[in-house]
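Novice: Have a look at this one before I ask anything.
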Amino acid sequence: LPAVAEEPYRTVTLTSDFGVQDPYVGVMKGVMLKINPRLHLVDLTHAIAPQDIRAAAFLLSHSFGFFPRNSLHVVVVDPGVGTARRAILVASENHFFLAPDNGVLGLIEKVEEVRAVYEITASHYYLPEQSSTFHGRDVFAPIAAWFTRGVGPELLGERIESVQRLELPAPVAHGTVLAGQVVHVDRFGNLISNLDKDGLRGVLSSTGAKRMSVEIGGRDLGALRRTYAEGPDGTPFPLIGSYGTVEVAIKGGNAAASLGLSSGAEIRAVFYSA
Amino acid sequence: LPAVAEEPYRTVTLTSDFGVQDPYVGVMKGVMLKINPRLHLVDLTHAIAPQDIRAAAFLLSHSFGFFPRNSLHVVVVDPGVGTARRAILVASENHFFLAPDNGVLGLIEKVEEVRAVYEITASHYYLPEQSSTFHGRDVFAPIAAWFTRGVGPELLGERIESVQRLELPAPVAHGTVLAGQVVHVDRFGNLISNLDKDGLRGVLSSTGAKRMSVEIGGRDLGALRRTYAEGPDGTPFPLIGSYGTVEVAIKGGNAAASLGLSSGAEIRAVFYSA
Amino acid sequence: LPAVAEEPYRTVTLTSDFGVQDPYVGVMKGVMLKINPRLHLVDLTHAIAPQDIRAAAFLLSHSFGFFPRNSLHVVVVDPGVGTARRAILVASENHFFLAPDNGVLGLIEKVEEVRAVYEITASHYYLPEQSSTFHGRDVFAPIAAWFTRGVGPELLGERIESVQRLELPAPVAHGTVLAGQVVHVDRFGNLISNLDKDGLRGVLSSTGAKRMSVEIGGRDLGALRRTYAEGPDGTPFPLIGSYGTVEVAIKGGNAAASLGLSSGAEIRAVFYSA
């Protein structure tokens, strides 16, 4: 396992569907700073669509590796709050994660080996009075803060076998077509898909294709461009975005609005021999 | 009074109606960090509806207790900025507050005893040039930062008797009905009311009722559920939310949009003897 | 040049058009904290309209002076990301700036003398793998963090002559009229113009005028008021706002929505001899 609390400025990231118009996130930070005033708290995003476990899992898995070693990543997207769903702490090769066990941590293992999983049971570390509706404040925040104070996982719960899997549609290859989905629309209206570079390279080498075209919403958008600036004016085009996957953008415009597409839309990479 | 500046990492929370699309909040933080670079600045919310003193007072009063002892809570919802309205510093049992004296601190005393109130008059601690429109930057930020550096309340102003009261409608009991209002709609569309657990228990015990039903917008939503997950599918239902008051939610949906209701809507708890 | 890294708690401000619904900003912070865990990271704003270089330049120039001396201001509004546009580090009298060289730093010199400009070329300080689409994460964040660790500008790039100018329309005086533009609409719907106090005073003294009236959208709004509270009820009025320029507001309302105006709208100060 990675070492716990080895440095005085421990980074804790927060991901939720709480938004920032309510004090929910601020109150979680208050609870944590009351226990450990030396935390570095970083908001990853609080704009996950309400209860969208898949989006949270996707965004977390593409983000956590950029944070310092031994960061603790707290994810509160929790439609089952107050029910028997477990709260878990996960140790991967270089990071820690705290979340409800509902699949939101299901994509970590695609990035780093998962070393250990614990079910959180040490309720004496929770806030004294627990609501049935806001475990982010009453359970996750205090557990996170005590963990960063050096209370190790074995004091916080019981070791268990694995985390809940996430049923996420994966790209499917049929001959010269690799079909995937839009998994996120960002602020710029870019349609971000799950077609990643490795998947594209795999089909390219197995088919011996010479060129590739991206199709979405019944339109052929042509070959990948390298940058946003190199895209055509006013027309959607594909490129490999900062998640390392195919995304569809419009230079200076909003591809999602222009194409009338959103998360879940099918996207296809079609390979040609000439 | 609580001790001033007893620890090196003083937490200052910020609540305003400034939003986060403009640099107003960032600039306030700059002013504070210039005076005291060791602050822990936490955004409670900046999405208070413009000049909605009641909403700010409600959210602050339900949030501040979760922060570390001796935190300073700065609230800038200030329709009277530049006029003769006072700026005040309030010391409660465990916390400090800095705000315009317009009622926004009027609900603190429901949570903690108010120990002392000071009118801020020490203009030599303000920014050298003061606008008539942005005292958050020119007055509240520097006063907050100097306070956390150890400049005590008696050096910042004159002791006064009390803070401006907040005229907030309180729940009213008529026989077997307790009538209140929606006081906040959160990101999930949950309608959060001012019907709190103590009020419900009071009517329950005085009437000897056996069960309770919640009515809103002309609809009877039945008894309280314990968690969001236990609510019916697609139908609004009531529960005690994380503010400790009755709220109305729809599982996986938006109750405010679905019912066409918002802040100010009447909500009733109706008690039955069988 | 100002001293580099002279204090342990270096403030870094972040300004971008990334919004906060995606993890882009959080990931930039992760990259920085991995290199320098002692940073004070402050969001100035991430709600710049996508690729609106002028708005970013305006807001930055009116904000940076409120931050601690030797702060580093990172601005990522970067329509040319991945192309040959330069990344630059600018040292002014009291502050540092890091941004693409596209005009976004073009208004700094109106506030403070620019002492030196460097083109960033030290790619060994970038993230090992660089995307063509997110230099905020791959280039600007690591360069910012190494700079705050004491890696001076001469180690990060080559000294160059100047930054790209910003073509921003400036107010124009014609006899007794000073004509300018709305350059920003804030959260309250206030229309913020580029007519500043010095410009108004100049025309006032050169014309010997006795009074001034502000016109916008074909309406004469009368003389400047001093505070929001002193404005008329329900009618737009002008005042000098917190940017030190003329802005148009409606007390308790939204002037931009009410007048149907936005950034770019013409605004005129008309001077009268009686």
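The values are calculated or read from the model by the stated rules, or taken from the named source; none is laboratory data. Here the structure is a predicted model, which is why all the values come from computation and not from measurement. All Cβ positions, even for glycine, are placed from backbone atoms using ideal geometry, and neighbour counts span all protein chains on display. To get the accessible areas, we keep the full protein, side chains included, count just its heavy atoms, and leave off ligands, DNA and RNA. Shrake-Rupley method; radii C 1.70, N 1.55, O 1.52, S 1.80 Å.
Novice: So the label point sits 7 Å from Cα along the Cα-to-Cβ vector; using that for C:Glu112, what distances do you get to the other copies, in nanometres, sorted shortest first?
Specialist: Label-point distances to the other copies, shortest first: 3.7, 3.7 nm.
Novice: Using the reciprocal of the averaged 1/r over all distinct C-alpha pairs, how large is the Kirkwood radius of the range C:1-125 in Å? Write out the running numbers ahead of the final one.
Specialist: Numbers: mean 1/r = 0.0673 Å⁻¹.
Value: 14.8 Å, from the Cα pair sum.
Novice: Would you mind putting C:20-33, A:169-182, A:34-47 in packing order, based on average other-beta-carbon counts within 10 Å, highest first?
Specialist: C:20-33, A:34-47, A:169-182
Novice: Here's a follow-up. What is the sum of charges around A:Val77, taking Lys and Arg as +1, Asp and Glu as -1, for the other residues whose C-beta is under 13 Å from the C-beta of A:Val77?
Specialist: -1
Novice: Sticking with the crude label model, points 7 Å out along Cα→Cβ, report the distance from A:Glu167 to B:Arg201 in nm, one decimal please.
Specialist: With each label placed 7 Å out from Cα toward Cβ, I get 4.3 nm.
Novice: Once amide H atoms are placed 1.01 Å from N in the peptide plane, what residues at a sequence separation of 5 or more from C:Leu195, or on another chain, have their amide H within under 5 Å of its amide H?
Specialist: Amide H to amide H, under 5 Å and 5 or more residues apart or across chains, C:Leu195 pairs with C:Gln181, C:Val246.
Novice: Still on this model: Just C:Phe58, C:Phe67, C:Phe97 to compare: in a GNM of chain C, with alpha carbon springs under 10 Å, which one fluctuates most?
Specialist: For chain C, modelled as a Gaussian network with Cα springs under 10 Å, the answer is C:Phe67.
Novice: Tell me the carbon and sulfur percent of the accessible area for the range C:126-222, rounded to whole percent, probe radius 1.4 Å.
Specialist: Result for the range C:126-222: 48 percent of the exposed heavy-atom area is carbon or sulfur.
Novice: For helix B:24-35, report the angle its Cα long axis makes with the longest principal axis of the Cα atoms of chain B; keep it between 0 and 90° and round to the nearest 10°.
Specialist: 40 degrees
Novice: List the residues of the range B:186-224 whose accessible area drops by at least 10 Å² when all protein chains are present, compared with their chain alone, using a 1.4 Å probe and counting only protein heavy atoms.
Specialist: B:Asp186, B:Arg187, B:Phe188, B:Lys197
Novice: Quick one: check the C-alpha center-to-center distance for the range A:54-97 versus the range B:80-111, whole angstrom.
Specialist: 38 Å
Novice: Once you average over the residues of B:129-139, how many Cβ atoms of partner chains fall within 10 Å of each Cβ? List each step's numbers first, then the result.
Specialist: Numbers: counts 1, 0, 7, 10, 12, 3, 1, 1, 3, 2, 0.
That works out to 4 on average.
Novice: Amide H neighbours of A:Ile160 under 5 Å, at least 5 residues apart or on other chains, H built in the peptide plane: list them.
Specialist: A:Val117, A:Tyr118, A:Glu119
Novice: Tally the DSSP beta bridges in chain C and give the antiparallel ones as a percent, rounded to 5.
Specialist: Antiparallel bridges: around 75 percent, rounded to the nearest 5.
Novice: Of B:Thr133, B:Thr15, B:Thr227, which has the largest mean-square fluctuation in a 10 Å C-alpha GNM of chain B?
Specialist: Most flexible of the set in this elastic network: B:Thr227.
Novice: Need one value for B:64-71: mean number of C-beta atoms belonging to other chains within 10 Å of its residues' C-beta atoms.
Specialist: 5
Novice: For chains C and A, what's the summed buried accessible area, probe 1.4 Å, to the nearest 100 square angstrom?
Specialist: 2700 Å²
Novice: Let me ask something else about it. Shortest first and in nm to one decimal, what separations exist between C:Ala179 and its copies in the other chains, measuring from label points 7 Å along the Cα-to-beta-carbon line?
Specialist: Counterpart label points of C:Ala179 in the remaining copies fall at 5.9, 5.9 nm.
Novice: Follow-up question, since we're still on this one. Do any trypsin sites (Lys or Arg not before Pro) in the range A:186-245 lie in a loop, going by DSSP, with at most 14 other beta-carbon atoms within 10 Å of their beta carbon, and if so which? Mind showing how you got there, number by number?
Specialist: On the way: sites: A:Arg187, A:Lys197, A:Arg201, A:Lys210, A:Arg211, A:Arg219, A:Arg225, A:Arg226; in loops: A:Arg187, A:Lys210, A:Arg226.
Of the trypsin sites (Lys or Arg not before Pro), the ones in loops of the range A:186-245 whose Cβ has at most 14 other Cβ atoms within 10 Å are A:Lys210, A:Arg226.
Novice: Still on this structure: Please list, in order along the range B:58-65, the HN-Hα scalar couplings obtained from phi with the Karplus expression 6.51 cos²θ - 1.76 cosθ + 1.60 (θ = phi - 60°), rounded to whole Hz, x for Gly and Pro.
Specialist: 5, 5, 4, 5, 8, 10, 5, x
Novice: Where in chain C lies the longest segment free of GluC sites (Glu not before Pro) that are both loop residues by DSSP (not H, G, I, E, B) and have at most 16 other Cβ atoms within 10 Å?
Specialist: C:7-92
Novice: Separate question: For the range A:133-139, take each phi angle, set θ = phi - 60°, evaluate the Karplus expression 6.51 cos²θ - 1.76 cosθ + 1.60, and give the result in whole Hz per residue in order, putting x for glycine and proline.
Specialist: Computed from phi, the couplings for the range A:133-139 are 10, 9, 6, x, 7, 8, 10 Hz.
Novice: Sticking with this one: DSSP beta bridges in the protein assembly as shown, what fraction antiparallel, as a percent rounded to 5?
Specialist: Percentage antiparallel, nearest 5: 75.
Novice: Rounded to the nearest 500, what is the 222 nm mean residue ellipticity of the protein assembly as shown from helices alone, with -39500 (n - 2.57) per DSSP H run of 4+ residues and division by all residues?
Specialist: -5000 deg cm²/dmol
Novice: In whole percent, what relative contact order does the range C:1-98 give with Cα contacts below 8 Å and a gap of six or more residues?
Specialist: The normalised contact order for the range C:1-98 reaches 37 percent.
Novice: Provide the net charge surrounding B:Asn36, with neighbours chosen by a C-beta distance below 10 Å and charges set as Lys +1, Arg +1, Asp -1, Glu -1.
Specialist: Around B:Asn36, the charge tally is +4.
Novice: In nm, to one decimal, how far is the modelled label at C:Ser262 from the one at B:Asp220, with both set 7 Å along Cα→Cβ?
Specialist: Once both label points are built, they end up 4.9 nm from each other.
Novice: By how many degrees, between 0 and 90 and to the nearest 10, does the Cα long axis of helix A:197-207 differ from the longest principal axis of chain A?
Specialist: 40 degrees
Novice: Counting only DSSP beta bridges with both residues in the range C:9-165, tell me the antiparallel percent, nearest 5.
Specialist: 50 percent
Novice: Could you grab the relative contact order for chain C? Cα pairs under 8 Å, six or more apart, rounded to a whole percent.
Specialist: RCO, chain C: 16 percent.
Novice: Tell me the net charge near C:Gln130. Cut-off is 10 Å between Cβ atoms, C:Gln130 excluded, with +1 for each Lys or Arg and -1 for each Asp or Glu. Could the numbers behind the result be given before it?
Specialist: Working: positive: C:Arg137; negative: C:Glu129, C:Asp138.
Here the count lands on -1.
Novice: Kirkwood Rh and Cα-based Rg: tell me the resulting Rg over Rh for the protein assembly as shown, rounded to two decimals.
Specialist: My calculation of the ratio gives 0.97.
Novice: Could you give the distance between the Cα centres of the range A:191-242 and the range A:127-164, to the whole Å?
Specialist: Taking the Cα centre of each part, the range A:191-242 and the range A:127-164 sit 42 Å apart.
Novice: Below 8 Å, C-alpha to C-alpha, sequence gap of six or more: please give me the relative contact order for the range A:148-274 in percent.
Specialist: On the way: 237 pairs, mean separation 39.4, N = 127.
RCO, the range A:148-274: 31 percent.
Novice: Could I ask something else about it? If you take the beta carbon distance between B:Ala209 and A:Gln130 as r and set R0 to 25 Å, what does 1/(1 + (r/R0)^6) give as a FRET efficiency, to the nearest 0.05?
Specialist: On the way: r = 27 Å, r/R0 = 1.06.
For B:Ala209 and A:Gln130, the calculated efficiency is 0.40.
Novice: Put a label point 7 Å from Cα along the Cβ direction on A:Gly234, then list its distances to the equivalent points in the other copies in nm, shortest first.
Specialist: Spelled out, the distances from A:Gly234's label point are 4.4, 4.4 nm.
Novice: Any idea of the accessible area per residue across chain C, 1.4 Å probe, to the nearest Å²?
Specialist: Details: 10500 Å² over 274 residues.
Ligands and nucleic acids excluded, the figure is 38 Å² per residue.
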